[in-house]
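A short worksheet on the structure shown next.
All of the numbers you see were taken from the coordinates with simple rules; none came from a lab. On a predicted model such as this, the values are computed, not experimentally measured, just so you know. Cβ coordinates were reconstructed from backbone atoms using ideal geometry, including for glycine residues, and neighbour counts include every protein chain displayed.
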């Protein structure tokens, strides 16, 4: 008999103390040179937001290492349910796998310096991806006025 997995809680799951229209306005106004919010109205009481922290490449192209998908639902006139998840860009995952292959090659060939350089490259790439994730989560926290990140850490710990 196979066991069913328990449903995972969304990384972002709280009730904002603002009406739905205010939450939409707060997130829409987060647009800057680094933050790109896109949204669509699903129906009269639900919105879907996609927040990306943009980086600029050598030739001016924009890309994001991480994005946050948010769903807003108006509960009543004063509160809005906010549920979302963090998604890593495919480039983060593929580059980690690609560089992991070089790390394995360095281990097989016993090239310590080459392995250290590859390990530092992987580490720095993930450092920037985690930094962008943190920035987007703080943006959601500051815009919607809910200290869910620290309360979740206290609850989980």
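Normalising by residue count, the chain has a Cα convex hull of 185 Å³ per residue.
Against the main long axis of the alpha-carbon atoms of the chain, helix 90-109 sits at an angle near 20°.
With R₀ fixed at 41 Å, the C-beta to C-beta distance from residue 128 to residue 39 puts the FRET efficiency at about 0.95. Packing here is the average count of other Cβ atoms within 10 Å per residue, and on that basis the peptides 115-125, 62-72, highest first, run 62-72, 115-125.
Between residue 121 and residue 96, the modelled label-to-label distance comes to 1.7 nm, taking each label 7 Å out from Cα in the direction of the beta carbon. For the chain, take the longest principal axis of its alpha carbons; what is the angle in degrees between that and the long axis of helix 112-144, to the nearest 10 within 0 to 90? That helix lies at roughly 10 degrees to the long axis. Fully extending the segment from residue 76 to residue 15, taken as 0.36 nm per residue of separation minus the present Cα-Cα distance, adds 20.9 nm.
Applying 0.36 nm per residue to the separation of residue 111 and residue 86 and subtracting their alpha-carbon distance, the gain on full extension is 5.4 nm. One decimal place: the segment residue 25-residue 55 gains 8.4 nm when fully extended, by the rule 0.36 nm per residue minus the C-alpha distance.
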